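Here's the structure we're looking at; comments come further down.
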Amino acid sequence: MSNRKSLLAITPTYNYFVKDQIESISSDFKSIDVFVYHNPITEISNYLPIHELSLFTKKSLIEYSGKPENVSVSTVPTFFIPIDYQYRHLGEKHYRKILNMIVQKKREPDLIHSHFVWTSGYVGARLKERYHIPLIISGYGYDLYDLPFKNPQWRERIRGILNDSDCIITVSNRLADYIRKLDVNTPVEILPTGYDGKRFYPRDQQACRRTLRLPEKKRIILTIGSLVKVKGHIDLIHAISELEGRSKDILCIILGEGNLRNELQKEIKKCGLEEVIKLVGRKPREELPLWINACDIFVLPSLNEGNPTVMFEALACGIPFVSTDVGGVSDIITSKEYGLICECNDCMDLCNKMLEALNIKWNRDAIQSHALQYEWDSQRQNLLEIYKKFM
């Protein structure tokens with residue numbers, strides 16, 4: 001691809017998989033303008049301990065480290081109260097804000113890539129209509145498996161946005177099926193989220209445990225994710241309660257923050273698992289490879305997902321992945337050589353699969369080798385091939 005082209009990216013975050021994807025293709029463009037929308041109300045959490053808001057502060061949404069010089073990241077400040085009525089009208093607010101910023105910066109992009117359907121996809125569709133340039137929309141999860149099915153109004157809105165795009169990228173076959181249920185005519189490409197191979201790779205388990213001050217002789221189960229209902233932590237606690245009766249040497253670490261923290265802590269206490277399950281909060285991204293490499297198995301008890309980035313990161317570290325059968329997990333865990341899949345919302349099945357996984361002698365090299373195809377350096381070419389069709 002000619003690096004004289006300019007890309008406009010619209011996204012709710014510039015971290016994790018969106019940041020990795022954009023930076024992997026930065027050398028193929030003259031410039032990339034990234035617009036990240038941000039609700040200034042969330043900054044209250046800098047002064048008050050409101051976990052729900054702290055996840056959406058500017059500091060949490062944007063990671064500047066390692067950003068290439070030709071990538072410009074601009075925040076789009078938009079005040080709103082997170083209730084359904086205001087959320088339904090947020091797309092137009094974001095469009096007007098971003099349009100004004102494009103005009104002020106005198107940008108002339110050759111391609112728009114909107115990450116998530118709402119509101120980014122809506123903004124992209126309006127900009128496509130105004131500037132007559134191609135639009136690609138990536139749908140990652142909630143925006144495809146839940147939002148369009150809330151009511152007929154949301155269904156028509158999301159369907160219209162997807163039909164206005166030139167191409168839809170999604171991360172799993174299961175999400176592609178949700179798109180088909182919406183009677184969308186736009187072509188769909190499947191591109192897993194991938195991972196950063198420069199960060200995530202196998203490291204010595206005991207050295208990682210010493211760095212993190214974790215017990216060296218425990219069998220450690222790790223999960224990473226926001227403390228919200230859809231992540232299934234309650235099921236995990238109940239499964240660990242059963243597992244602890246069969247294996248006394250386990251330690252379960254739940255890494256993340258969210259509005260269910262107090263409820264989870266109460267459930268842990270109710271089950272008498274204060275010494276077995278630890279809520280360690282949110283950790284800096286640069287620490288995540290240490291936590292993953294320190295564990296024996298990684299567990300994802302989610303009730304729904306798109307294609308979890310933590311799955312690729314765990315596999316990249318050579319860690320077996322135990323998960324409920326959600327999102328794109330079964331697309332990736334194609335063999336018991338890499339992990340085990342259990343039924344969703346089934347604590348006993350989750351318990352049995354964790355116990356089985358803890359007793360298997362895993363081949364970490366085979367797990368990491370399987371993950372290499374999803375590293376962003378490998379995925380980059382697949383994304384550029386999609387771009388080339390429209391530029």
Checklist entry - Based solely on its DSSP helices, what 222 nm [θ] is calculated for the chain when runs of n ≥ 4 H residues each add -39,500 (n - 2.57) and the sum is averaged over all residues, nearest 500 deg cm²/dmol? => result -11000 deg cm²/dmol
Item to check | Answer label for mean projected area of the Cα convex hull in nm² (calculated), chosen among (1) 27.2; (2) 18.8; (3) 21.7 | outcome: (2)
Next on the checklist: Name the residue from W291, Q206, M348 whose Cα lies farthest towards the positive end of the charge dipole of region 205-374, charges +1 on Cβ of Lys and Arg and -1 on Cβ of Asp and Glu.
Outcome noted: Q206
Next on the checklist: Give me the one-decimal nm value for the distance between modelled label points at N173 and K269, 7 Å along each residue's Cα-to-Cβ direction.
Outcome noted: 4.6 nm
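Which whole-number percent gives the relative contact order of region 205-374, counting Cα pairs below 8 Å spaced six or more residues apart?
On the way: 304 pairs, mean separation 40.5, N = 170.
Reported as a whole number, the value is 24 percent.
So how do H38, H132 line up by other beta-carbon neighbours within 10 Å, fewest first? The partial results should precede the final answer.
On the way: H38 21, H132 7.
Going from sparsest to densest Cβ surroundings: H132, H38.
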Checklist entry - So how much slack lies between E92 and F79, counting 0.36 nm per residue of separation and subtracting their Cα-Cα distance, in nm? => result 3.4 nm
Item to check | Pairs beyond 32 Å (Cα-Cα), from K106/K389; K58/K105; K19/K269; K218/K266; K266/K353 | outcome: K19/K269
Checklist outcome for this item: Between the alpha carbon centres of region 363-383 and region 66-80 the gap in Å comes to 28 Å
Item to check | Stretch gain in nm, segment Y142-K59, where the contour uses 0.36 nm per residue and the Cα spacing is subtracted | outcome: 27.6 nm
Item to check | Sites matching trypsin sites (Lys or Arg not before Pro) across region 103-202 that sit in DSSP coil, with at most 12 neighbouring C-beta atoms within 10 Å | outcome: K106, K150, K198
Checklist entry - According to the square roots a ≥ b ≥ c of the eigenvalues of the Cα gyration tensor, what is the shape class of region 32-91, taking rounded for a/c under 1.5, prolate for a/b larger than b/c otherwise, and oblate for the remainder? => result oblate
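Check each of the GluC sites (Glu not before Pro) in region 303-391 and keep only those in coil by DSSP with at most 12 other C-beta atoms within 10 angstrom; list them in order.
Listed in order of number, the matching sites are E343.
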Checklist outcome for this item: Counting Lys and Arg as +1 and Asp and Glu as -1 over every other residue whose Cβ sits under 13 Å from the Cβ of G66, the net charge comes to -1
Item to check | Sparse-neighbourhood loop sites, GluC sites (Glu not before Pro) in region 39-91 - DSSP loop, at most 13 other Cβ within 10 angstrom | outcome: E69
Checklist entry - What distance in nm separates the simple spin-label points at R130 and A207, each placed 7 Å from Cα in the Cβ direction? => result 5.2 nm
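Every number here is computed from the coordinates shown, using simple stated rules; none is lab data. Predicted model, so just to flag it, every value in this text is computed and none were measured. Every residue, glycine among them, receives a Cβ derived from its backbone with ideal geometry; neighbour counts consider all protein chains shown.
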